[in-house]
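Here the structure is laid out as structure tokens; the discussion comes afterwards.
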């Protein structure tokens with residue numbers, strides 16, 4: 001994640017999730033497993049989505065940007081789900097200045113997945129079809145689950161799952177975009 005703080009806004013960009021890579025163990029609707037979002041899954045979900053909001057810590061009513069409003073850009077590339085936004089909310093600018101952001105997460109409904117048994121290890125859940133309705137910036141009050149913590153929530157009888165990747169304070173920048181540090185961390189996940 002790259003965070004560029006300006007006097008009246010903050011530009012945030014980076015990868016919400018990398019495709020084709022295992023998460024750390026987490027608890028899902030299918031039980032304890034590692035999880036992998038298959039390539040193309042985010043692309044299909046974004047094509048179907050009427051809108052995707054940017055929230056803080058998955059809080060309903062805390063929309064700070066949206067795809068429909070043109071203030072949030074989301075796309076899947078060969079690395080994963082990439083997000084770009086410019087936020088002008090004073091609360092979000094302060095959180096960026098105070099280095100409170102800890103990563104990204106996303107809210108989804110799982111339409112299709114398959115469980116792969118693995119010898120002497122916990123199963124791997126392959127996500128092949130999801131509906132994505134929000135991405136969240138995670139602040140210091142929570143831990144992104146792709147860094148090892150799972151956050152799950154039930155709403156109106158539907159099972160909603162949230163996933164994310166973590167980053168360090170070194171990712172805060174006030175200069176031009178340089179993704180080399182993030183790309184190195186992605187390679188280290190292999």
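Read-outs throughout are calculated quantities, based only on the coordinates presented, and are distinct from any laboratory measurement. Given the structure is predicted, the values throughout are model-derived calculations rather than measurements. Neighbour counts are summed over all protein chains in view; Cβ atoms, including those assigned to glycine, are modelled from backbone coordinates with ideal geometry.
Here the extension length gained between residue 43 and residue 27 equals 3.3 nm, from 0.36 nm per residue of separation less the Cα-Cα distance.
Between residue 112 and residue 88, the FRET efficiency from the beta-carbon distance, with R0 = 45 Å, is close to 0.75. Peptides 103-111, 32-40 ranked from most to least packed, by the mean per-residue count of other Cβ atoms within 10 Å: 103-111, 32-40.
Here the label points at residue 100 and residue 120, each 7 Å from Cα along the C-beta direction, are separated by 4.6 nm in the simple model. Summarising the label geometry, the points placed 7 Å from Cα in the beta-carbon direction at residue 66 and residue 131 lie 1.6 nm from one another.
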